[in-house]
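The values are calculated or read from the model by the stated rules, or taken from the named source; none is laboratory data. As the structure is a prediction and not an experimental result, all values here were calculated from the model. For neighbour counting, all protein chains shown are included, and Cβ atoms are generated from backbone atoms with ideal geometry for every residue, glycine included.
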Amino acid sequence: MMVLFRRTLLGLMMAAIALPAQARDAAGLQRDVLFGWYDLVLELVRHTPTYSPPVAARAFAYVGVISHEAQAALDPAAQTLAGQLNGLTALPVADPGLEYDGAVVLDAALGAAMQEFFGNTGPTGQRAMAAMRDMMAARVDEGLTPEVIARSRAFGLAIAAHVGDWAQSDGGAVVQNMGFPYDYTFGEDPKDWRPTSAISMQQAPLLPDWGKVRPFAMPLATSCPVAPHPAFSEAPDSEFYANAMAVYNASKALTPEQEEIARFWSDDPMLSPTPPGHWVSIVVQIARRDGLSARKTTEALVVLGVAVADGFIGCWHEKYVYNLVRPVTYIKRNIDPAWETLLITPPFPEYPSGHSVQSGAAEVALTAVFGDDFAFEDATHEDDGLAARSFSSFTEAAEEAAISRMYGGIHYPFANANGLEQGRCIGAYAAGLRLMK
Amino acid sequence: MKFWALIFLPSMALAEPAVPVFLAETGGVTAAYEGDYYFMVGGGPAVFDCNGDRKPDLYVPGGAAPGSLWVNESPVGGALAFARVTSGVELDNVTGAYPLDIDGDGALDLVLMRLGQTQLMRALGGCKFEAANDLWGFDAPADWTTAFAATFELGADWPTLAFGAYIDQAASAFPWGSCTDNLLYRGTAGRFAAPLPLTPSHCALSMLFTDWNGSGLPSLRVSNDREYYKGGQEQMWHLEPGAMPRLWTKEEGWARLRIWGMGIASADISGDGLPDYFLTSMADNKLQVLKGGAEVPVYSDIAGKRGVTAHRPYVGGDARPSTAWHAQFGDVNNDGRLDLYVVKGNVAEMPDFAAMDPNNLLLQGADGVFVEVGDRAGVASMNIGRGGAIVDFNLDGALDLVAVNRWEGVEIWRQEAALGHWVQVALHQPGANRDAIGAVLEVRRGDQVERREVTVGGGHAGGQLGWLHIGLGDAEAVDVRVIWPGGVAGDWLALTAGGFYDLTPAGAALWAP
C-alpha cells in the first residue's frame, strides 16, 4: 500500500503542474481525493495506538459514511443514509442556487474525518495528514474561484462535523488505556477466559463493553446472535475436546501454505491495517484495478465499513456472553503443556472468532456491491513481505480468513464456522442500505 | 563453577534493597536536546574522559542546537561541577554520541551521529577534537542516523563500526516503510573501507555487538522501531571476520519479535554467564534471557517475572502506558546486584501514552526481582527524557545518573554517598584495541561469577567508556579476571574495596584520584 500511496502523491503533484484549469476532470479529481485519503487512513489505522480491530472498524464506518454523504449531497440520484443508520439525522443540505465543487467538498470532508477519528495519532501521522491536506488542496482547488472553494470546503466540513457529532454518542468514541480496563473481574469456571499474554496491559480483556456500542445498520447488537458452541468439556471423548484437538493437530501438521494463510490474515493491530482495514484495502485495490468511479468505490467502502463495524459490535457482545477460554489455555491444560501457537493469541475471549464474524459480514456486503464470483487479487501485505493471494469470490476470501485462525492456533473450528454465519447475518443489514434513490 | 544461580536460593534474605539518595545537581550543565520532528528520537550523551584526569566528562548532543562538551571539575566525593569548553564538537544536528578510541592512540575519539552526515571526531588531547572523516576515509551518507555500535573483530587493527539509520528524510510526509540502510564499516591501516549495507534495515534505534553465546565471536543485535518498518523485526547479524554479515534466521532459532525497539541494555542478570538483554519500548519492556542453550539464540522474556516491565508510570497519577528510551544496568546501591535505570518520556504529545512519565530506578533484590524506587531515590523526573547514563562523576564509588531531555535541560543526580563497598576498574591492552572492547570482565564473589562484556553501543543513542564500577556489598575485597579480546584469560586478581584499578594483561595497578 505504501507504493500505492506514493504513486498517488506523485500523481497529485504531477497533475497539479500539468493540468490546465479548463481541463478540470471532476471525476478523476474525486477519485484522487478518495484514494489519496483512503491510502492514508490505511496507514493511520496502523500507526494510531488505540486502533484495535473493533475501534478501527468503527472509524472505517464513519469515514465511509462521510465519504458517501459528501458525494450524495451533490448528487440528486443518491440517497442519504440519514434515517437508515441508527441515530443519524438529516445532514446539511447544499444550496441549490450556488455552485459547489464535488472534489473540494469530498476533500474537506475527508480531511476533517481524519482529524476527527485519527487525531490521537503520533507526530508522524499528524505530519502526514498535514502533508496530504496541503497536497490535496493544491490539486483540487486549482482553477476554482475563491468563493467556490470556500463554500465547498465549508460544506464538506459541515458534513464531517455532523457525522462527527453523531459519532460522539455511540459509546465508542472514548477509548482509554488502549481499550484495556484497569479493573476486571474474571470468571472462575474452567471454561472462562483467562489472560494468555505476558504483556502487563493485556491482563484484562480488550474492550469488554464494545458490545454496548450503538450499531450502524443492525438494529441491536443482539440482532444476529451466534449459535451456541458445543458444551464445554475437558473430557477426551467430548465434542469440545475434539475441536481443541483439531486445533492442536492442525498446528502439528501445518503446511507452508497454511502458515502463509495464517500470517496473511493475521492483521495484527499496529503491525497491519487491522482485519477490517484488510478488507478496505481489498476494495481500494479492486477500485484501482477496475478504474471504478469515486461513487462506486464509496458505495463499496461505506457498505463494507458499516458491515465490519456492526460485525465487531455483534461479535464483541457475544464474546462477553460466552467468555470462552482460548485454545492455548485449554490445550496446555488438557492436551500438551508445552504447546505454543503460531500466532500470538489476542487478549480477549475466544467465542466467536472476530476475524470470522467481520469477514462474513464483509463477504455479504461486498458481494452485494460487486456480485457473486467476483475474482480479485489481494496484495495488502506485499510491503510486509507476504505475497499476494488470489480469490475467486468474497466468499472464498472470507472462508480462508476464518480458517486462518485455526491454522494460527487462535480459534476452535466451531468459532470460525459459527462466526462466519453470525457475520453473514450482520452483513445483510449493511447490504440492505439504500445508497441511490 | 556456578554463575549467579544462588540469587534464587530461598535461604537468602529477601529484605528490600537499600535505597540510594540522589541529589539533583547539574553542576552547571545547561544543555538540552532541541528540535522537533527530526529529533523525536536520539539525545544520547557520551560519557568519557577527554582531558586525562580520569574523571568522566560529558558530551550532550544538542539536536537542532549545537552539541556541547562539559569538563568534569568535581572534587572527589564533592558536589558536581562542570565547565563548558570549546572543543570542536559543537556541531548541530547531532542525534547522539559514543566515545571510542578509533585510531588506537590512547585518546578517546567521538562518534557523532547526525541528521545528515555522521562525523567522526579525532581527539587531539585536552578536550580538543578535529573532524576526521576524510583522514580516516569514512564516507558517511547524509542519513538520519540513530544507532551505533563498535567492535574490534579478531585480528583487526582498526575498529568495525555499525550505524543504524532511521527514516528516509525524503519520505518524511509518508515515512512508513521508508527505513534507510544500516551500514557496517570495516577498515585497516588507518582507513575505513566503503560501507556494507545491512539489508534489510528496519529503522534501528539501538545496536550492540555482543557475544551472546560466549563463543568469542560477537554478533550484532539491532533493536528496531516497528512504528516505521514494514516486514521488519528485531535482528541479529552474524559477524565473522572477513565475511559478509548475514542475519540470524528463523531456521537458526531466531524468533520474530516486533516492538518499538528504542534501547538495549545488556548484563548477565539470569546468572547463566551469558548476556541478557533489556529492550526498551512503549508499554511493556522486555528482559530477554537465553533459553535454548548457547547453540541457538532463542530467548524468553522474563520482564514480568523480574518486575522490570516498567510499562506505566508508578507515580504521578498518569495511568497511560510509558515510553522508554535509554536503559542501563549498574549497581547503584553497591549491594553486589545490578540495578536498572530507564529514561522515560512521551514521544512529544502522543495522547495515548503517559505525559507524566517518570524515569525508573529499579533495584534488584536478593530474590532477583527488581523493585521500583525512582520516586524514593529522587530521580522520578517527569521531563521528556531520551538519553541517559549511569556514571560515577565524582569518583566516590557511588553511581550518579544522567538524563538528557527534549527541550528541557539535562538532569544530573549525584548520589549522596555510597551505600556499600565498591571497586572500579579500567581495562587497557596494547595494540589497536586499547580499551579492550569485546573483553569479558569476570567478577567472583564466593563461588558466584558475574560476567560483564565490555561493549561500545546499545543504550539509546549514547554510550560511555571509562571506569567499570563493581558493587561489593559488605565485602572488603573481590576477585576479578579479564578474558581479553581473542579469548586469553588473565589471572584472577584480588582487589581491595574502595580502589580504582587499571587492569592490563600483566596485572592490576592501583590508581589514586
For this session: Go through the stretch B:489-510 and count every residue that is surrounded by 15 or more Cβ atoms within 10 Å (Cβ to Cβ) and among the hydrophobic types (A, V, I, L, M, F, W, C).
Result: 6
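Pick out, from the stretch B:436-513, the strands (runs of 3 or more DSSP E) lying fully within it that include 3 or more residues that are at pLDDT 95 or above and more than 18 Å from B:V332 (Cα to Cα).
Because the criterion is at least 3 residues that are at pLDDT 95 or above and more than 18 Å from B:V332 (Cα to Cα), the strands (runs of 3 or more DSSP E) in the stretch B:436-513 that meet it are B:440-445, B:477-483, B:493-496, B:500-504, B:507-511.
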Seminar exercise, completed: Expected single match for assigned to a loop (DSSP other than H, G, I, E, B) and either within 14 Å of chain B (Cβ to nearest Cβ) or closer than 18 Å to A:V283 by Cβ (or both) among A:P96, A:P92, A:P49 is A:P49
For this session: Only residues in the stretch A:417-434 that are within 17 Å of A:A221 (Cβ to Cβ) count as the first member; pair them with residues that are of a type in the set (S, T, Y) and assigned to a helix (DSSP H, G or I), Cβ under 7 angstrom, at least 6 apart or cross-chain, and list the lot.
Result: A:G419/A:S356; A:G423/A:S356; A:G423/A:S359
Exercise. Any residue at all in the stretch B:302-325 that is of a type in the set (A, V, I, L, M, F, W, C) and surrounded by fewer than 19 Cβ atoms within 10 Å (Cβ to Cβ)?
Worked result: yes
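Strands (runs of 3 or more DSSP E) wholly in the stretch B:320-384 with at least 1 residues that are at pLDDT 95 or above and of a type in the set (S, T, Y) - which ones? Full working, then the answer.
Values: elements: B:324-330, B:339-344, B:360-364, B:370-372.
Those strands (runs of 3 or more DSSP E) span B:339-344.
Do we find a residue being within 14 Å of chain A (Cβ to nearest Cβ), surrounded by fewer than 21 Cβ atoms within 10 Å (Cβ to Cβ) and not in a loop (DSSP other than H, G, I, E, B) anywhere in the stretch B:171-194?
Within the stretch B:171-194, the first condition is being within 14 Å of chain A (Cβ to nearest Cβ), and the residues that meet it are B:171-179.
Then keep just the ones that are surrounded by fewer than 21 Cβ atoms within 10 Å (Cβ to Cβ); that gives B:171-173, B:178.
Restricting the remaining residues to those that are not in a loop (DSSP other than H, G, I, E, B) gives B:171.
Yes.
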Problem set entry | Flag for A:L74 being surrounded by fewer than 24 Cβ atoms within 10 Å (Cβ to Cβ), closer than 19 Å to A:A307 by Cβ and either away from chain B (no Cβ under 14 Å) or not aromatic (F, W, Y) (or both) | no
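Within the bounds of the stretch B:29-48, is there any residue that is of a type in the set (S, T, N, Q) and surrounded by 18 or more Cβ atoms within 10 Å (Cβ to Cβ)?
So in the stretch B:29-48, the residues of a type in the set (S, T, N, Q) come out as B:30.
Still in the running and surrounded by 18 or more Cβ atoms within 10 Å (Cβ to Cβ): none.
No, the stretch B:29-48 contains no residue that is of a type in the set (S, T, N, Q) and surrounded by 18 or more Cβ atoms within 10 Å (Cβ to Cβ).
Criterion first (away from every other protein chain (no Cβ under 14 Å), closer than 27 Å to B:G466 by Cα and in contact with a Gly (Cβ under 8 Å, 6 or more places away or on another chain)) does B:V404 satisfy it? Steps first, answer last, please.
Working: away from every other protein chain (no Cβ under 14 Å): yes; closer than 27 Å to B:G466 by Cα: yes; in contact with a Gly (Cβ under 8 Å, 6 or more places away or on another chain): yes.
In short, yes.
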Problem set entry | Those residues of the stretch A:264-281 which are more than 21 Å from A:I66 (Cβ to Cβ) and either within 14 Å of chain B (Cβ to nearest Cβ) or among the hydroxyl-bearing types (S, T, Y) (or both), in sequence order | A:F264, A:S266, A:D267, A:D268, A:P269, A:M270, A:L271, A:S272
Exercise. Listed residues A:V284, A:V247; which is assigned to a helix (DSSP H, G or I), away from chain B (no Cβ under 14 Å) and under 17 Å from A:D383 (Cα atoms)?
Worked result: A:V284
For this session: Look through B:S300, B:S266, B:S281, B:S270 and report the one residue that is within 11 Å of chain A (Cβ to nearest Cβ) and touching a residue at least 24 places away in the same chain (Cβ under 8 Å).
Result: B:S281
Problem set entry | Set A:D192, A:D165: member being more than 14 Å from chain B (Cβ to nearest Cβ), under 24 Å from A:P349 (Cβ atoms) and surrounded by fewer than 18 Cβ atoms within 10 Å (Cβ to Cβ) | A:D192
For this session: Tell me, please, whether a residue that is away from every other protein chain (no Cβ under 11 Å) and surrounded by fewer than 23 Cβ atoms within 10 Å (Cβ to Cβ) can be found in the stretch B:347-354.
Result: no
